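Undergrad: Structure provided below as structure tokens; questions to follow.
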């Protein structure tokens with residue numbers, strides 16, 4: 001990975017005391033892009049074609065023995081209505097990108113899963129190497145153990161439309 005590569009998300013599992021902690025980290029730019037996509041979908045959802053996606057699909061078979069066969073997948077045919085809807089979604093995303101000034105702030109949520117304590121963490125941090133991931137895990141460990149707070153770690157950070165537009169050329 002290049003030193004100036006933008007990162008969006010990463011996962012890690014670590015141990016605190018006697019239990020596993022599953023860390024699901026996202027950068028605010030990822031959350032911002034998801035807000036753009038969600039708003040664009042809302043704007044063009046009424047234009048989504050109401051068609052059966054599996055109507056013109058052909059089955060792909062795997063042979064089982066000499067005469068038997070089993071369906072293992074389906075091949076769908078291109079649908080012009082869905083392709084046009086995809087173009088509309090892309091255009092709506094570009095329009096939302098320019099028009100709607102979202103704000104994303106760092107966030108932390110913890111919940112118990114049946115196999116670990118889940119930690120969803122959104123904070124500005126670039127994970128470009130294993131050492132960066134270890135540093136992120138150490139911050140998450142301190143947050144889980146309540147040795148620090150998100151306010152202390154991130155202060156008053158806000159990811160805005162200006163940040164998004166400045167990073168956009170680097171992301172493509």
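The values are calculated or read from the model by the stated rules, or taken from the named source; none is laboratory data. What you are looking at is a predicted structure, and each value in this text was computed from that prediction instead of being measured. Here the Cβ is made from the backbone with ideal geometry for all residues, glycine too, and neighbour counts use every protein chain on show.
Undergrad: Would you call residue 40 farther than 30 Å from residue 10 by Cβ, part of a helix (DSSP H, G or I) and at pLDDT 95 or above? Reasoning before the result, please.
TA: Values: farther than 30 Å from residue 10 by Cβ: no; part of a helix (DSSP H, G or I): yes; at pLDDT 95 or above: yes.
For residue 40, the condition - farther than 30 Å from residue 10 by Cβ, part of a helix (DSSP H, G or I) and at pLDDT 95 or above - is not met.
Undergrad: In addition: Pairs only if they're at least six apart or on different chains, beta carbon under 9 angstrom, first in region 156-169 and over 14 Å from residue 105 (Cα atoms), second in a helix (DSSP H, G or I); list them, first residue then second.
TA: Note: pairs meeting the criteria are 165/97; 165/98; 167/29; 168/97.
Undergrad: Taking the criterion of being surrounded by 11 or more Cβ atoms within 10 Å (Cβ to Cβ), touching a strand residue (DSSP E or B) at 6+ places or on another chain (Cβ under 8 Å) and within 30 Å of residue 108 (Cα to Cα), would at least one residue in region 33-47 satisfy it?
TA: Checked region 33-47: at least one residue is surrounded by 11 or more Cβ atoms within 10 Å (Cβ to Cβ), touching a strand residue (DSSP E or B) at 6+ places or on another chain (Cβ under 8 Å) and within 30 Å of residue 108 (Cα to Cα).
Undergrad: Against the definition (over 28 Å from residue 46 (Cβ atoms), in contact (Cβ under 8 Å) with a residue 24 or more places away in the chain and under 18 Å from the mean Cα position of the chain (by Cα)), how does residue 122 come out, yes or no?
TA: Answer is yes for this residue.
Undergrad: How about region 60-167: which strands (runs of 3 or more DSSP E) wholly inside it have at least 3 residues that are surrounded by 15 or more Cβ atoms within 10 Å (Cβ to Cβ)?
TA: In region 60-167, 117-122 are the strands (runs of 3 or more DSSP E) which contain 3 or more residues that are surrounded by 15 or more Cβ atoms within 10 Å (Cβ to Cβ).
Undergrad: So, one more: If residue 118 meets every condition in (1) more than 21 Å from residue 14 (Cβ to Cβ); (2) modelled with pLDDT of 95 or more apart from one, which number is that one?
TA: Here residue 118 clears every test but (1).
Undergrad: Oh, and also: When region 1-28 is examined, which residues are found to be farther than 29 Å from residue 115 by Cα and surrounded by 12 or more Cβ atoms within 10 Å (Cβ to Cβ)?
TA: 6
Undergrad: Going through region 1-37 one residue at a time, which ones are in contact with a helix residue (DSSP H, G or I) (Cβ under 8 Å, 6 or more places away or on another chain), touching a residue at least 24 places away in the same chain (Cβ under 8 Å) and outside any helix (DSSP H, G or I)?
TA: Within region 1-37, 4, 6, 8, 10, 12, 14, 16, 21, 23, 25 meet the criteria.
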